[in-house]
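Student: Pasting a structure below so you can have a look.
The values are calculated or read from the model by the stated rules, or taken from the named source; none is laboratory data. All of these numbers come straight from a predicted model, not from anything done at the bench. Here the Cβ positions follow ideal geometry from the backbone for every residue, glycine too, while neighbour counts run over all protein chains shown. Side chains included, ligands, DNA and RNA excluded: accessible areas come from the protein's heavy atoms. Shrake-Rupley method; radii C 1.70, N 1.55, O 1.52, S 1.80 Å.
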Amino acid sequence: MFGYVRPRRSELKIKEFDYYRTVYCGLCHAEKKLSRRLRYSLSYDMVALALCRIGATGEQSTFQKCRCVAHPMKGRYCVACSPSLSYTASVAAILVYYKLLDDKEDEKGFRRLGARFMLGGARRAMKASPIPALNTLTKEKLDALYAAERAGAESVYEGASLFGELLGEIFAFDEGDTLSKDKKICLYEIGNRLGRFIYIVDAYADIAEDQKEGKYNPFVLSGEDTNDESFTTALINALDMELAAALNALDLLSVEDPGIDSIIRNILAMGLPDVAEKVILKKEKMKTPKEPRHE
Amino acid sequence: MNKDPYKVLGVSPDASDADIKKAYHELARKYHPDNCPNDDLRQLAAEKMKEVNEAYDTIKSWRSAGKKTGGSGGYNSYGGSAIYVDIRNLLNQKRIQEADRLLESIPYNERGAEWCFLKGVMFAQIGRYFDAIRMMETACRNDPNNMEYRNTLESLRQATANRQNGNMGGYQQRQGCSTCDICSTLLCADCCCECMGSDLIACC
């Protein structure tokens with residue numbers, strides 16, 4: 001949804017990066033099966049979800065060579081569609097659908113047109129692989145979130161905890177009882193912390209825009225100087241604590257595949273802190289030669 | 001002693017240590033026996049002075065005891081602070097909702113440093129770290145001399161510092177080339193040139 005959840009590329013091993021890319025491509029193909037239009041919404045966040053699910057279920061990845069619009073000639077190796085990937089694709093469809101529904105109401109001009117164009121794809125994708133329980137759950141949580149925002153929740157944590165709960169449920173959702181209870185608890189915690197992190201960072205990133213357009217933003221409401229050093233350091237500190245909790249949960253999840261474990265660890269311990277610093281302190285910590293492209 | 005020491009100093013029970021010290025100095029100057037030329041007055045002033053001294057010492061001993069035992073000291077007998085002791089106990093037992101209800105029941109104008117501190121502790125317990133740090137900072141601002149507040153704030157901040165230094169070590173990025181690199185490269189180039197029969201640096 002936001003594209004914040006990505007690894008720090010320079011710290012990935014090459015085999016880890018290759019694996020990351022195959023999951024990315026595999027997810028894209030899994031989304032294509034649901035709806036062609038859905039793949040344009042592919043984001044790094046969803047790759048992180050896929051990685052966590054693959055790590056938790058311990059399923060073995062098989063690879064195959066696939067061609068697509070972005071790589072018509074050479075093709076790319078990608079992870080063959082597995083339960084984790086198709087689950088992630090369905091989640092993407094649901095999240096994108098509700099996001100677009102919201103955009104259609106709020107946005108104007110081209111963005112609204114784009115939202116309407118994509119909405120059909122998302123709706124079709126939802127029908128192609130329905131998870132009704134997850135659908136109602138998402139709707140409930142998002143409604144609660146929007147209600148809290150409309151009511152003008154004072155602290156950023158009111159929205160953050162609701163969004164965290166939503167992601168927690170998504171990470172730990174398990175219809176066919178394939179995951180043990182312990183794994184579910186750990187997955188829930190990782191998702192929950194990620195959701196809180198994302199919500200807070202996103203709220204901070206949107207301050208200027210929300211101020212201009214008069215939309216709800218908890219940091220604007222607080223009336224504090226959001227560029228003040230004490231404010232930003234406190235915020236960075238608080239975000240670090242969310243990530244520390246997520247890392248603890250990852251330790252307990254004990255992912256079998258060391259490569260997958262290492263990628264998730266990289267995301268939580270480096271990728272996300274980089275994002276927080278970039279958004280909140282407005283600085284690039286480490287220049288990577290090239291940002292990973294959307295493929 | 002039969003008088004409320006806070007009343008003697010003319011401060012509210014949840015005033016900060018700094019405020020109490022200030023009030024004490026003010027009164028001590030006012031009642032100092034040396035100010036009085038008249039003998040009777042001097043005696044009265046001495047009595048007052050004694051009272052003020054006792055009150056100040058009492059409050060100080062209460063507060064230091066309260067800090068050591070987590071608030072079970074002499075607070076209890078005084079309305080304003082008794083509620084904070086209750087809140088501390090509730091927080092220690094992780095009965096967060098009850099603690100929050102008590103905290104919210106305190107009117108705005110009576111919310112001093114300790115209120116901010118306890119609210120911060122509550123926030124930290126439910127994982128609202130940003131709110132916790134901000135509250136704790138306010139508490140420290142209101143009462144800069146209180147070591148408990150400072151220590152808690154520091155430990156909140158440091159909880160993450162360890163993780164960053166420990167986990168994110170990895171290898172360090174190389175920072176271009178140093179002076180040493182330049183020299184050694186030149187020397188290598190010189191050696192190569194000499195092998196080929198020529199010379200790059202004439203002196204070696």
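Student: How many percent of the accessible area of the stretch B:1-67 is carbon or sulfur, using a 1.4 Å probe? List each step's numbers first, then the result.
Tutor: Details: 2120 of 4260 Å².
Ligands and nucleic acids excluded, carbon and sulfur reach 50 percent.
Student: Now a separate question. Beta carbons within 10 angstrom, averaged per residue: use that to sort the peptides A:258-264, B:123-129, A:173-179, highest first.
Tutor: Values: A:258-264: 19.0, B:123-129: 20.7, A:173-179: 13.6.
Going by the mean number of other Cβ atoms within 10 Å, highest first, we get B:123-129, A:258-264, A:173-179.
Student: Kirkwood Rh, the protein assembly as shown, all Cα pairs: how many Å?
Tutor: Values: mean 1/r = 0.0370 Å⁻¹.
Across the protein assembly as shown, the inverse of the average 1/r is 27.0 Å.
Student: Let me ask something additional. Enter the mean number of other protein chain beta carbons within 10 Å of the beta carbon of each residue in A:230-237, as an integer.
Tutor: Per residue, the number of nearby Cβ atoms from other chains is 5 on average.
Student: Assuming R0 = 41 Å, can you tell me the calculated FRET efficiency for the pair A:Ala80 and A:Lys282, based on Cβ-Cβ distance, to the nearest 0.05? Intermediate results must be reported in sequence, preceding the final value.
Tutor: Working: r = 41 Å, r/R0 = 1.00.
Calculated value: 0.50.
Student: Among all the aspartates and glutamates, which ones have a C-alpha under 18 Å from A:Lys139's C-alpha, if same-chain residues fewer than 8 places away are not counted?
Tutor: A:Asp102, A:Asp103, A:Glu105, A:Asp106, A:Glu149, A:Glu158, A:Glu165, A:Glu169, A:Asp174, A:Glu175
Student: Next question. Which value, in Å² and to the nearest 10, is the accessible area of A:Arg123 when all protein chains are kept and the probe is 1.4 Å?
Tutor: The accessible area comes out at roughly 100 Å².
Student: Could you tally the net charge around B:Cys116, taking each other residue with its Cβ under 10 Å from the Cβ of B:Cys116, Lys/Arg +1 and Asp/Glu -1? Please list the in-between numbers first.
Tutor: Working: positive: B:Arg111, B:Lys119, B:Arg134, B:Arg141; negative: B:Glu114, B:Glu137, B:Asp143.
Result for the neighbourhood of B:Cys116: +1.
Student: What order, most packed first, do the peptides B:91-103, A:82-94, A:270-282 have when packing is the mean number of other Cβ atoms within 10 Å of each residue? Please list the in-between numbers first.
Tutor: Details: B:91-103: 15.2, A:82-94: 22.8, A:270-282: 19.8.
Ranked from most to least packed, the peptides come out as A:82-94, A:270-282, B:91-103.
Student: ³J(HN,Hα) across the stretch A:119-136 via Karplus (A = 6.51, B = -1.76, C = 1.60, θ = phi - 60°), whole Hz, x for Gly/Pro?
Tutor: Per-residue couplings from phi come out as 4, x, x, 5, 5, 5, 4, 5, 6, 5, 9, x, 10, x, 4, 5, 4, 5 Hz.
Student: Now for a separate question. How crowded by other chains is A:154-161, given as the mean number of beta carbons from other chains within 10 Å of each beta carbon?
Tutor: Partner Cβ neighbours, averaged per residue: 3.
Student: Going by a 1.4 Å probe on protein heavy atoms, which residues of the stretch A:251-275 end up with at least 40 Å² less accessible surface in the whole assembly than in their chain alone?
Tutor: Going by heavy-atom accessible area, the residues of the stretch A:251-275 that drop by at least 40 Å² are A:Ala269.
Student: Same structure again: Amide H neighbours of A:Gly3 under 5 Å, counting only residues 5+ apart in sequence or on other chains, H built in-plane at 1.01 Å?
Tutor: Sorted by chain and number, the residues that satisfy this are A:Tyr44, A:Asp45.
Student: Follow-up question, since we're still on this one. Given a 1.4 angstrom probe, I'd like the percentage of the accessible area of the stretch A:48-153 that is carbon and sulfur, rounded to a whole number. Intermediate results must be reported in sequence, preceding the final value.
Tutor: Values: 3180 of 5670 Å².
That fraction is 56 percent.
Student: Quick one: accessible area per residue over the stretch B:1-67, 1.4 Å probe, rounded to a whole number of Å²? Don't skip to the end; give the middle numbers.
Tutor: Numbers: 4260 Å² over 67 residues.
Computed with neighbouring chains in place, this is 64 Å² per residue.
Student: Can you give the local net charge around A:Ser155? Use residues other than it whose beta-carbon is closer than 15 angstrom to its beta-carbon, Lys and Arg +1, Asp and Glu -1.
Tutor: Values: positive: A:Arg196, B:Lys119, B:Arg128, B:Arg134; negative: A:Glu149, A:Glu154, A:Glu158, A:Glu224, A:Glu242, B:Asp100, B:Glu104, B:Asp131.
Every neighbour counted, the sum reads -4.
Student: Using the structure shown, list the pairs from A:Lys65/A:Lys184; A:Lys183/B:Lys94; B:Lys7/B:Lys48 with a Cα-Cα distance above 22 Å, or answer none. Show your work: numbers first, answer last.
Tutor: Working: A:Lys65/A:Lys184 32 Å; A:Lys183/B:Lys94 26 Å; B:Lys7/B:Lys48 13 Å.
From A:Lys65/A:Lys184; A:Lys183/B:Lys94; B:Lys7/B:Lys48, over 22 Å: A:Lys65/A:Lys184; A:Lys183/B:Lys94.
Student: Please turn the phi angles of the stretch B:138-153 into ³J(HN,Hα) values with the Karplus equation 6.51 cos²θ - 1.76 cosθ + 1.60 (θ = phi - 60°), one per residue in order, whole Hz, x for glycine and proline.
Tutor: Here the 3J(HN,Hα) series is 4, 4, 5, 5, 5, 9, x, 8, 7, 6, 4, 5, 4, 4, 5, 4 Hz.
Student: If Lys and Arg each add +1 and Asp and Glu each add -1, what is the summed charge of the other residues whose beta carbon sits under 14 Å from the beta carbon of B:Arg42? Working shown, then result.
Tutor: Values: positive: B:Lys30, B:Lys48, B:Lys50; negative: B:Asp34, B:Asp39, B:Asp40, B:Glu47.
Computed value for this residue: -1.
Student: To continue, here is another question. What does the helix-only formula give at 222 nm for chain A: each DSSP H stretch with n ≥ 4 adding -39500 (n - 2.57), the total divided by the residues, and the result rounded to the nearest 500 deg cm²/dmol?
Tutor: Values: 12 runs with 191 residues, N = 295.
That calculation yields -21500 deg cm²/dmol at 222 nm.
Student: Report ³J(HN,Hα) in whole Hz for each residue of the stretch A:183-200, in order, from the Karplus equation J = 6.51 cos²θ - 1.76 cosθ + 1.60 where θ = phi - 60°; Gly and Pro get x.
Tutor: Working through the residues one at a time gives 4, 4, 4, 5, 4, 4, 5, 4, x, 4, 5, 4, x, 4, 4, 4, 4, 5 Hz.
Student: Provide the buried accessible surface between chains B and A in square angstrom, both chains summed, 1.4 Å probe, rounded to the nearest 100. Don't skip to the answer; put the middle values down first.
Tutor: On the way: alone 13510 and 15000 Å², together 26510 Å².
So the buried area, both faces added, is about 2000 Å².
Student: To continue, here is another question. For B:132-138, what's the mean count of beta carbons from other chains sitting within 10 Å of each residue's beta carbon? Working shown, then result.
Tutor: Numbers: counts 5, 9, 8, 0, 1, 3, 0.
Across the residues of B:132-138, the mean count of other-chain Cβ atoms within 10 Å is 4.
Student: May I ask you to compute the full-extension gain from A:Glu229 to A:Arg67, defined as 0.36 nm times their residue separation minus their alpha-carbon distance, rounded to one decimal in nm?
Tutor: Values: separation 162, 0.36 × 162 = 58.32 nm, distance 4.87 nm.
Value of the extension gain: 53.4 nm.
Student: Sorted by average packing, counted as other Cβ atoms within 10 angstrom per residue and highest first, what order do A:231-239, A:158-166 take? Don't skip to the end; give the middle numbers.
Tutor: Details: A:231-239: 21.0, A:158-166: 23.0.
Highest mean packing first, the order is A:158-166, A:231-239.
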